[in-house]
Every structure is written in structure tokens, then in C-alpha cells.
1. Of everything in the stretch 21-80, what is among the acidic types (Asp, Glu) and assigned to a loop (DSSP other than H, G, I, E, B)? Give them in sequence order.
2. Any residue at all in the stretch 176-190 that's assigned to a strand (DSSP E or B), within 29 Å of CYS318 (Cβ to Cβ) and not aromatic (Phe, Trp, Tyr)?
3. Under 8 Å by Cβ, and 6 or more places apart or on different chains, what pairs join a residue from the stretch 101-119 that is on the phi > 0 side of the Ramachandran plot and among the β-branched types (Val, Ile, Thr) with one that is at pLDDT 85 or above and in a helix (DSSP H, G or I)?
4. Suppose the filter is over 23 Å from PHE21 (Cβ atoms) and at pLDDT 90 or above; does ASP160 pass it?
5. Among (1) surrounded by fewer than 18 Cβ atoms within 10 Å (Cβ to Cβ); (2) part of a helix (DSSP H, G or I); (3) under 20 Å from the mean Cα position of the chain (by Cα), which single condition is LEU88 missing?
6. Among residues belonging to the stretch 210-254 that are assigned to a strand (DSSP E or B) and of a type in the set (A, V, I, L, M), point out the one that is surrounded by the fewest Cβ atoms within 10 Å (Cβ to Cβ).
7. Quick one: which residue in CYS269, CYS275 is outside any strand (DSSP E or B), hydrophobic (A, V, I, L, M, F, W, C) and at pLDDT 90 or above?
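The values are calculated or read from the model by the stated rules, or taken from the named source; none is laboratory data. Because the structure is a prediction, the values reported are computed rather than measured. Note that we place each Cβ from the backbone using ideal geometry, even for glycine, and neighbour counts take in every protein chain shown.
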Amino acid sequence: MSLNFRNMRHADEMVDVVLVFGETRVKCHRLVLAAACEYFRLMFQTDMQEKAASEIAMKEVSSNTGLQLVEYLYSGNIEISTENAQELLAASDRLLLVDLKKMVGVFLCGQADTNNCVSLLNLARLYRLESLGGISQQFLTDHWKELIETEEIYQLAEDDLHLMVIGGMKSANFYLDLVECLDLETLEWSEFPHLPKALLLPSVVYVQKQLFVVGGEPSSTTTSGDVYEFDSAERAWQPRCPMPQVYKGADAVSVDNKILVLGGVYRVCMQYDPCGDLWIQLQRSQFQHITGRAVVWKDKIVVCGGRDTDSIEEYDPCLDKWSTWNLKMPFEDMCFALIIKGNV
């Protein structure tokens, strides 16, 4: 069907509207535009001025991008490159093309380097692309020494210029409640308000510009299910809804403005919504992944290895479903993972 409509468009058969991109005029079918694009569907079904117009001016969309978008609406295919990605991102956001916006986000996740990671981080925030934001933030954290010498550093927001060290252990029986902050611009340390309790190995997650500390070990024999949020206005840690199940050896990541805790001894999979201060339990992983690392990759969560396992599992938050990769870790007890150039 899409091929027929494409052929009809190229032959100017039954076209009933013209999209104007700068000096370029593209004849189209209202039916196809409405079926493929929520923006046009709403336009043609409501009392917008363009509803009955024979021509629609597509301001802020260049001729080249406009032609690509029309082809995408008719065929579902589009070529994304470093040259057109940013403009496609802006256009897909404006035209409510959710799938295309995700495709561009996935493409940009593979482009992060020291020359653009800050720009990509700012793009991710502007267009609400959490996976891209997480990868850019991780790249920034891993390569901050190199970034100090580049122009990219000056595009950072103030919150990005700080590295937090939370909790820890001074000796076998002496855990810490300290919170210290490194200013990446001045390379000077400062002390934040202490945690409500001393913790070893808590999960630290940054969601919607808010800092959360999840779980951790108050002693060598106990595990905490507590959650704390840092209140920047009050300069204090505030308790939040505790986890429904205490975890040991799991990891936490941020996806779609939620916190997910995965793996560990009890194979947990729990989601926390900061807006509602509410936890829900989800499908458990097949393997424990004790101290295995979780990373967000292509809108999925990949949990890698851990104590006594070389398995890699992938969790789909939209479907609440786990799948196991055929690929294994190089050996058991590998407890790290990161995203580099869009690859785990």
C-alpha cells in the first residue's frame, strides 16, 4: 500500500495538499500524512487554519529535511547521519513523530565523544531523550580529564560540573555517611550534608535533576531498603518510600524518569516513580547478577555478569520482559559494564 501511495505521489495522482519547505513544494495526500503523523492528523481533524488549506508552510524545516520527512511518512524509511540528525530530531519532536525521534536518539547514542558529549547531553535534555542523556553523562564522567581542555566544558550546566562520592568504608567495621563533591572546573572538593546513616555500596541515581541514594549496606551483616532524595533547597536528605524488598548486590539505573533496581541475590526487578513516591515490583531476572552492572542501551536495560555468572540479560521496561543474550561475558565474576560509541 505504501508503495502505491509513493508512486501516486510521484505521478501527482490524487494529491490534495502541498507542503512548503522554504523554496521547495511537495505534493502529498492528506490521508497518508494523517495516517503516518499525529501532528497532521490533529491538524486535519481540528479547526486549525491549515485544515482546509491547499498549501501548508512548514516553517523551521529545511528543504532537504522536508523531502526526507515526506519520504519517511510514505515509506517508513529514512537515512540518519551526523549531518542531518539534529535537524531531524527537532522536526520529529515538533511533528510528534515518536518513532523517528527514538531512531535519531539511538543513532546519536553511538556518536558520543569528547568533542560532542556535552552538546549531546544538552540535546538529550531539550528533547527528553533519557538514553542519550545517560550515555552522554557517563561519557562525561569517564572522560572529564580530557574534557577540561576542550571548548565543550563551557557548555556544561552548573550541575554537570560536580562529581559526587557518597558513603563508603574507612575500615572493615567503620562505614561512612560522608558525601563529598568534586568541582570538575576548579578541581576542589567540598562537603555536602551527611547521609542519614552510614552506607557501603549504595546505588546513586540522578533523575529529573534530583539525586537519589538507594539501598546500600549499613554494616557487613545488614542491607538497607531505604531511599533518600537530596533536597537542594533545604540542603538536606529526605527519606522517600522504602523499597518493597531489600536487595543485596543489585544495580540501579534511570529510565524514562523512573529508577529501576535489577539483579542481585534475590533477582529483583523493581521500579520507583519519584513523582508518586511509589514502588512496583516487576518480573524477576533469570540470573542473580550479584554486583553485576546494569546499563541503559537502546531504551532497554542490559545487566552484565556478576558473581558466579557470565550471563548477560536484557530487560524491556515497556513489556516488562527479560531475554538472555547468546553472548557471554569473557569470564565469570566480571562486575562492570559501560557504553562506548553506542556499544555495551
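1. Initially, the stretch 21-80 is screened for residues among the acidic types (Asp, Glu), giving 23, 38, 47, 50, 55, 60, 71, 79.
Correct list: GLU23, ASP47, GLU60, GLU79.
2. no
3. none
4. Against the criterion (over 23 Å from PHE21 (Cβ atoms) and at pLDDT 90 or above), ASP160 does not qualify.
5. Every listed condition holds for LEU88 apart from (1).
6. My answer is ALA236.
7. Going through CYS269, CYS275 in turn, the sole match is CYS275.
Yes or no, residue by residue, for (1) within 30 Å of ALA124 (Cβ to Cβ); (2) in contact with a helix residue (DSSP H, G or I) (Cβ under 7 Å, 6 or more places away or on another chain); (3) touching a residue at least 40 places away in the same chain (Cβ under 8 Å); (4) basic (Lys, Arg):
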position: ASN4; (1), (2), (3), (4): no, no, no, no
position: HIS10; (1), (2), (3), (4): no, no, no, no
position: MET14; (1), (2), (3), (4): no, yes, no, no
position: VAL20; (1), (2), (3), (4): no, no, no, no
position: ASN84; (1), (2), (3), (4): yes, yes, no, no
position: GLU87; (1), (2), (3), (4): yes, yes, no, no
position: ALA90; (1), (2), (3), (4): yes, no, no, no
position: LEU97; (1), (2), (3), (4): yes, no, yes, no
